[in-house]
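Below you'll find the structure, written out as structure tokens, and then a few comments.
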Amino acid sequence: MKRIETGIDGVDKITGGFPEGRSVLITGNAGSGKTIFGLQFAKKSCEQGFKTVYITTEEDSTDLYTQAEAFGWDLHKLNEEGILNFVELASIRARVTEAEMSIDIEAMKGNFSKFLNDIPEDTETVVIDNIGSYTAKLTPYEFRDRFDLLIYELKQRNITTLVILDSATSKEFNEIALFSVYGAFKLMKRENPYTGRRERVMDIVKMRSTKTPTQFITYEIDSNGIKIVSSVDSDEE
Ligand SMILES: Nc1ncnc2c1ncn2[C@@H]1O[C@H](COP(=O)(O)OP(=O)(O)OP(=O)(O)O)[C@@H](O)[C@H]1O
Ligand SMILES: [Mg+2]
């Protein structure tokens, strides 16, 4: 299976990159770096020549460009070249009336694959940030059903996907979502058992057909984006 580099060196070293045409899930609390991971991956995907679409449900693309600029990433250039496109579901929602919004939510409730209608046929890589915005009225059973179908359709289209699901509003769906995807990462903060200091760690929960560490991997967010610092021993939380 071919792999796509994520743009996070340590992650590529450990996993060999994301499997092409498959979906990887990123979960994590507010501020854990999910969007930065998504942007870093989108940029690297473009640099590898893949037509990439970033679907944003919460922030508008202006904020995402600003965030990327802080790291010295010129997403405007990639956008002008036509290799990177943003789909803003947030601004569409903000513009419609409440009545229309409930129709939109109803549509989403019935069908996550609505996300796919908005992306051009030749798209090779997709980031969905954040599918948790559309889970409000779903039962766990409905969520699993719709999410499975979305992952299935993405695979049928051979689209490599990073699906972001926040842990705050969709806690109950995090575990369910794990089953459908090919790989999954969980981003979190914890207290280092040796130093007593708080640190950012990621757990590679799964990556099929890949040897992955059981230990947490420490990472930092600095002026270049996400950087893997070292792996540390896993402990009981
Ligand atoms: N230029 C920077 N240098 C260092 N750290 C930064 C920089 N920009 C952002 N951060 C850190 O990244 C965090 C935000 O990351 P990000 O937006 O990816 O989180 P998120 O998981 O998507 O959060 P949310 O659930 O709110 O969308 C900030 O809270 C900050 O700690
Ligand atoms: Mg975010």
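Name the residues in segment 159-207 that are small (Gly, Ala, Ser), touching a helix residue (DSSP H, G or I) at 6+ places or on another chain (Cβ under 7 Å) and assigned to a loop (DSSP other than H, G, I, E, B), would you?
Within segment 159-207, 167, 170 qualify.
Does residue 86 qualify as being within 12 Å of residue 55 (Cα to Cα) and at pLDDT below 85?
So residue 86 does not fit the description; no.
For the subset of segment 162-183 comprising residues that are over 12 Å from residue 143 (Cβ atoms) and surrounded by 21 or more Cβ atoms within 10 Å (Cβ to Cβ), which member is farthest from ligand 2 (Cβ to nearest atom)?
182
Could you list, in sequence order, the residues of segment 210-232 that are assigned to a loop (DSSP other than H, G, I, E, B), over 17 Å from residue 183 (Cβ atoms) and more than 10 Å from ligand 1 (Cβ to nearest atom)?
Selection gives 232 alone.
For segment 27-79, what are the residues that are near ligand 1 (Cβ under 9 Å from one of its atoms) and of a type in the set (A, V, I, L, M, F, W, C)?
Passing the criteria: 30, 36, 37, 39, 70, 71.
Can you pull out every residue in segment 62-86 that is surrounded by 13 or more Cβ atoms within 10 Å (Cβ to Cβ), in contact (Cβ under 8 Å) with a residue 12 or more places away in the chain and more than 13 Å from residue 47 (Cα to Cα)?
Matches in segment 62-86: 64, 67, 68, 71, 85, 86.
Among the residues of segment 1-44, what is the count of those that are on the phi > 0 side of the Ramachandran plot and out of contact with any strand residue (DSSP E or B) (no Cβ under 7 Å at 6 or more places or on another chain)?
Adding up the residues that qualify gives 2.
Any idea which residue in segment 184-230 is modelled with the lowest pLDDT, counting only those that are touching a Ser or Thr at 6+ places or on another chain (Cβ under 7 Å) and over 20 Å from residue 25 (Cα atoms)?
230
Going through segment 29-65 one residue at a time, which ones are assigned to a loop (DSSP other than H, G, I, E, B), more than 9 Å from ligand 2 (Cβ to nearest atom) and under 24 Å from residue 200 (Cα atoms)?
29
Would you pick out the residues in segment 20-34 that are crowded, with 21+ Cβ neighbours inside 10 Å, touching a helix residue (DSSP H, G or I) at 6+ places or on another chain (Cβ under 7 Å) and either closer than 20 Å to residue 87 by Cβ or not basic (Lys, Arg) (or both)?
23, 25, 26, 27, 28
The values are calculated or read from the model by the stated rules, or taken from the named source; none is laboratory data. Every value quoted in this text rests on a predicted model; they were computed, and no experiment measured them. Positions of Cβ are generated from backbone atoms using ideal geometry, with glycine treated the same way; all protein chains shown enter the neighbour counts.
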